[in-house]
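Have a look at the structure below, then the notes.
The values are calculated or read from the model by the stated rules, or taken from the named source; none is laboratory data. Since the model is a prediction, treat every value here as computed from it, not as a measurement. All Cβ positions, glycine included, derive from the backbone under ideal geometry; neighbour counts span all protein chains shown.
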Amino acid sequence: MQFGEPVSRIRAGVSPGPDIYGDPLPGVNVEDALDGAAFDPGDSSEPAQIGTARVVTTPKLYFYRGAPDILSSDLLRVRSDVYSVIGRPARWVSPFTGATFGLVVELKMVDG
């Protein structure tokens, strides 16, 4: 049973080896469902500087049932949109027990 917002992780697959010219072959992307996320679409702002993006949003994912394996190179699909991971996901760790209680992932929408 899905708990929270439906999110899937898209991870680039490992290259099966070089082609006949020695160049690496592309790997097959693997998409896995992740459980226990809350999606924050973020605030929007309109920078007043010339030459910058017209609207900037700051979406985030909050995983509150542990910390799934998410790398900065992964893509995440949320609400049929695909996002890249900004920086390194931040873990919520208890200073008393060392147990991990959650994960915060900053996102940027992938163009296309």
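Here's the yes/no breakdown for (1) at pLDDT 80 or above; (2) touching a Lys or Arg at 6+ places or on another chain (Cβ under 7 Å):
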{"position": "E5", "(1), (2)": "yes, no"}
{"position": "V14", "(1), (2)": "no, no"}
{"position": "D32", "(1), (2)": "yes, yes"}
{"position": "A38", "(1), (2)": "yes, no"}
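For first residues located in segment 29-40 and on the phi > 0 side of the Ramachandran plot and assigned to a strand (DSSP E or B), partners that are loosely packed, with under 15 Cβ neighbours inside 10 Å and among the hydrophobic types (A, V, I, L, M, F, W, C) and lie 6+ apart or on another chain with Cβ distances below 7 Å form the pairs G36/F3.
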